[in-house]
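The values are calculated or read from the model by the stated rules, or taken from the named source; none is laboratory data. These numbers were taken from a predicted model, which means no experiment stands behind them. Cβ atoms come from the backbone with ideal geometry, glycine included; neighbour counts cover every protein chain shown.
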Amino acid sequence: MAKAGAQTSDNPRPAIGDFGDLNLNVARANFSQLPGVPDCNAQYYSGTGFGPALGIFYELPIQNKFSLLLRGVYDLYGEKLVSNELTPIAINGAETQATIEHSINATLGMIGFQPMGSYHITPALSVHFGGEIGYVVQSSFNQIETLTQPTTSGVFSNGLRTRNAQYGKIPNANPIVASLIGGISYAIPLNALKTIQAVPELNYTLGLTPVVKNYSWSVNSIRAGIAIRYELPEKAIETPKFIDTLPLPVPAPIAPPIASVTASGIGAKGDEGPVAVLRVEEIYSVRMTPLLPYIFFGENESLLPSRYDKMTAGASSAFKEIALKNEDALSINHKTLDIIGRRLTDDSDAQVTLAGITLNKSKFPIDKHLATSRAENIADYLESVWNISDQRIRITTHPLAEETVAALDSDGIAEANRVEIASNSFGILQPVMASDTIRIATPPVIRFHPLVKYSDTLSDWNLYVSQDGVLLKLFEGKEIIPASLDWIISDDQKTIPHFPGKIDYELKVIGSHNDKAVASGSLPVEQLTLRKKKVQRIADREIEKYNLLLFDLQSSELNETNKQIVELIQKHLKDISAISIVGHTDRTGEVETNKQLSLDRAKSTARALGVTKADIRGIANETVLYDNNLPEGRCLSRTVDIIVETPVDVQ
C-alpha cells in the first residue's frame, strides 16, 4: 500500500489522493496440508507471488514535520507454496530417484484500513509507520502433486504425471488480517503551486495473523508503487451577512401511531373464520421422509458444503436414525451421508455407486475432473468416518441428457452440480421411518390482521405470540406492515402450545419519531392428550404421512423408486382410513402449469395406491415446504404428500 505522505508546500494542508502498488508477497509457513484437504507427504515452509493493491487516502497535517494518514485499500495476495518430495521409484525394473512437487496456489482478496503516521525528513522525503486491519472477501486455492523428475518417464497410479488435484475456497480461512507497515516516499511536484504531486513509494509489511486459523502460515510483502496526491485548498473566511427573514411556519405535530390486531383461523381447506378455541390434540403419528439420492455442491467447488452435517470417526458409532424423529425433511437430508454410512455398516453386502454429473454448457461447464473429485470426497468421508471399504464404493461420472441441458435455468444449473448415489440394495436409500406422538392444532393456521394508523413511515414493527411468557412465534419488519400474518402452527412441533389456558399475541410498532403503540389479544387453548382421550373414551386416530419424490421433468408418471414406496404405503392402508393426497411443486415454472402438474401427480399416485375415495388436490407451490434457494429444498418441494388418517378403537 502506498504511503503517500509528503508536505511540499510552505503551509501544510490536508490532502487526498489515490495509489497503486505491485506487491512481492513472501509466505512464511510450516504445515503439511490444508484443513480437510488430502496431501501426501508434503511439508510447506515458504512461497512467493505477486499481486496488486489499489486504494485512496486522506492526510491530515499535525505539525510541520508530522501528519496522520488514513487510507482504504483493496489488496490481492497471490502466492505459490511448493514442497518437493524425494522418493525412490521403479522404472523398467530399475530403482530411480523421483521428485514429486507438491504445490498450492493461493489467492486472498482483502479490503483493508490503514492508520499511519508520517515523519517528513524534508518537505519531499518522508518515512511512514503504522498498521493495517483488513477483512478477507476472497480466498481460494488450487492444489496439485506433479512428478517432475524423471522428466521423460514415470506416471502415478492414475496413469498421469499429476494427481490429487483439489481446488475451492481455503478451508477455515482467517476472516480478519492484521499487519505492520513501514516505508519511505518522495514527492515530486506536478504543478507550480506544488498542490499536485506524484509520490513514488517503497514499503514493507509484516503479517501478524495466519492465513488459516491455528496454522503457521503468514504473508509479508515488499511493495513498490506510486500515489497521486492533491492538497486541499484553504477555505476563505466569509463575513456573515445579515438579512431580514420571515418566520417559517411551524409544521403541525405528527400524531402518534394507533395500532390494533385481531386473529382468525384458517381451516385445512383454506377457509377463514373466527377462532372460538385453539385445540391442540396429541396423536400417534408415523412419518416416512424420503432420502434424496443426491449431494449438491457449490459451483466449481469439490468440497462438501458446510450445510451438510459431518461427523468425526469417533462419533459415528453413536449415530442412530431414531434420533431424527423430530427433524424435518431438509434437516434429515443434510445428514444423508451419515444415514447411508450407518446403513452400509449394518448391511455388509450392500454397495453404492457415486456418479458425479458432468455438464457440457459453455458458461457453466462441469468437467470430468471436477465431477470425479466431488465423488471421491464423498467416498473419502464414508471410508474415513464410517470405515466402509473402498471395494464397496464405485466412482463414476455421467453427463446430463442433452434435452435436459438445453432447458436448464439458473436453478437447474445449481441442481446439476451434484453427485448421484445409487445402491444394489433398496434399504440403503429407502425413506427414513419415524413414529412419535405429535401435536395437531385446529385450526392449523392462525391469521393475524394488524392495523396501524400513522401519517408517517414506521421505523419497526413486531408481533409476538407467547404462552406463559414463553415465545412461540415472532413476526418482525420495518416500515410497511402486511395486512395479514400467517402462523402455520405445525411448522415446528416445539412451538405448538404445550398447556391448556391461553396464548397471548402482542403487536408493537415504533414510528419514525420514536413514538410507539401497542395492541394485544389472546386465544383460549384446549389440550386433548392421549391419556385424556383414553380415560374419557374419546374417539382417537393415527396419522401416517408419506412422500413421493423425484418425478421426471414435467412428468406425472411414478418412477421405480416411487413404485417401491407405494408398495410400502399400501401395506398400511385400511378400508376405514381417510386418505388425503396433495401434489406440490417448487418455484420453477409457470403457476398454472405447475398447478395442473401437481394435480396430475396426485391423481397418478391415487391410481397406483388403488384408492378411489380420497381427497386429491394439486396446489403447486402455494405453500412453500422448504427453502427453495437450496437445490435440495427445491427437490424436496417437488413431492406428493400422502396423509392417511385411521380411527383407533379406544377400548
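Take ALA29 and decide whether it is assigned to a strand (DSSP E or B) and either closer than 29 Å to ILE133 by Cα or touching a helix residue (DSSP H, G or I) at 6+ places or on another chain (Cβ under 8 Å) (or both).
Yes; evaluated as a whole, the condition is true for this residue.
Please work out which one of (1) surrounded by fewer than 20 Cβ atoms within 10 Å (Cβ to Cβ); (2) touching a residue at least 24 places away in the same chain (Cβ under 8 Å) is the condition PRO365 fails and give its number.
It fails just one condition, (2).
Report yes if some residue within the range 608-623 is touching a helix residue (DSSP H, G or I) at 6+ places or on another chain (Cβ under 6 Å), closer than 19 Å to GLY412 by Cβ and either assigned by TED's automatic domain parsing to the domain that holds ARG638 or hydroxyl-bearing (Ser, Thr, Tyr) (or both); otherwise report no.
yes
Residues in the range 435-490 that are outside any strand (DSSP E or B), in contact with a Gly (Cβ under 8 Å, 6 or more places away or on another chain) and more than 18 Å from ILE258 (Cα to Cα): how many?
3
Of the numbered conditions (1) of a type in the set (Val, Ile, Thr); (2) closer than 24 Å to VAL445 by Cα; (3) in a loop (DSSP other than H, G, I, E, B), ILE579 satisfies every one except a single condition; which is it?
Among (1) of a type in the set (Val, Ile, Thr); (2) closer than 24 Å to VAL445 by Cα; (3) in a loop (DSSP other than H, G, I, E, B), ILE579 violates only (3).
Here is a yes/no grid of residues against (1) more than 24 Å from ASN424 (Cβ to Cβ); (2) of a type in the set (Val, Ile, Thr); (3) assigned to a helix (DSSP H, G or I):
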{"site": "ALA323", "(1), (2), (3)": "yes, no, yes"}
{"site": "ASN326", "(1), (2), (3)": "yes, no, no"}
{"site": "ILE332", "(1), (2), (3)": "no, yes, yes"}
{"site": "ARG342", "(1), (2), (3)": "no, no, yes"}
{"site": "SER348", "(1), (2), (3)": "no, no, no"}
{"site": "ARG374", "(1), (2), (3)": "no, no, yes"}
{"site": "ASN377", "(1), (2), (3)": "no, no, yes"}
{"site": "THR396", "(1), (2), (3)": "no, yes, no"}
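Looking only at residues that are of a type in the set (A, V, I, L, M, F, W, C) and within 30 Å of PRO38 (Cβ to Cβ) in the range 95-139, which one is surrounded by the fewest Cβ atoms within 10 Å (Cβ to Cβ)?
Of the residues in the range 95-139, the ones of a type in the set (A, V, I, L, M, F, W, C) are 98, 100, 104, 106, 108, 110-111, 113, 116, 121, 124-125, 127, 129, 133, 136-137.
Adding the requirement that they be within 30 Å of PRO38 (Cβ to Cβ) leaves 98, 100, 104, 106, 108, 110, 136-137.
Details: ALA98: 18, ILE100: 22, ILE104: 27, ALA106: 25, LEU108: 24, MET110: 21, VAL136: 19, VAL137: 11.
For the range 95-139, the residue satisfying everything is VAL137.
Could you tell me how many of the residues in the range 390-439 are under 30 Å from GLU282 (Cα atoms), exposed (fewer than 15 other Cβ atoms within 10 Å of the Cβ) and among the polar types (S, T, N, Q)?
2
On the given criteria, is ASN142 assigned by TED's automatic domain parsing to the domain that holds VAL212, surrounded by fewer than 16 Cβ atoms within 10 Å (Cβ to Cβ) and part of a strand (DSSP E or B)?
yes
Would you say LEU34 is of a type outside the set (D, E, K, R), in a strand (DSSP E or B) and in the same structural domain as ALA198 (by TED's automatic domain parsing)?
no
If I filter the range 600-619 for residues that are under 30 Å from the mean Cα position of the chain (by Cα) and surrounded by 18 or more Cβ atoms within 10 Å (Cβ to Cβ), do I get at least one hit? Quick ask: steps written out before the conclusion?
The first filter runs over the range 600-619 and keeps only residues under 30 Å from the mean Cα position of the chain (by Cα), leaving 619.
Remaining after also requiring surrounded by 18 or more Cβ atoms within 10 Å (Cβ to Cβ): none.
For the range 600-619, residues under 30 Å from the mean Cα position of the chain (by Cα) and surrounded by 18 or more Cβ atoms within 10 Å (Cβ to Cβ): absent.
Within the group LYS613, LYS563, which residue is assigned to a helix (DSSP H, G or I), more than 30 Å from ASP486 (Cα to Cα), in contact (Cβ under 8 Å) with a residue 24 or more places away in the chain and among the basic types (Lys, Arg)? Explain how you work it out, then say what you get.
Details: LYS613 fails: assigned to a helix (DSSP H, G or I).
The match here is LYS563.
Which residues, taken from the range 463-484, are under 28 Å from the mean Cα position of the chain (by Cα), over 18 Å from ILE510 (Cα atoms) and surrounded by 15 or more Cβ atoms within 10 Å (Cβ to Cβ)?
Within the range 463-484, LEU472, LYS473 qualify.
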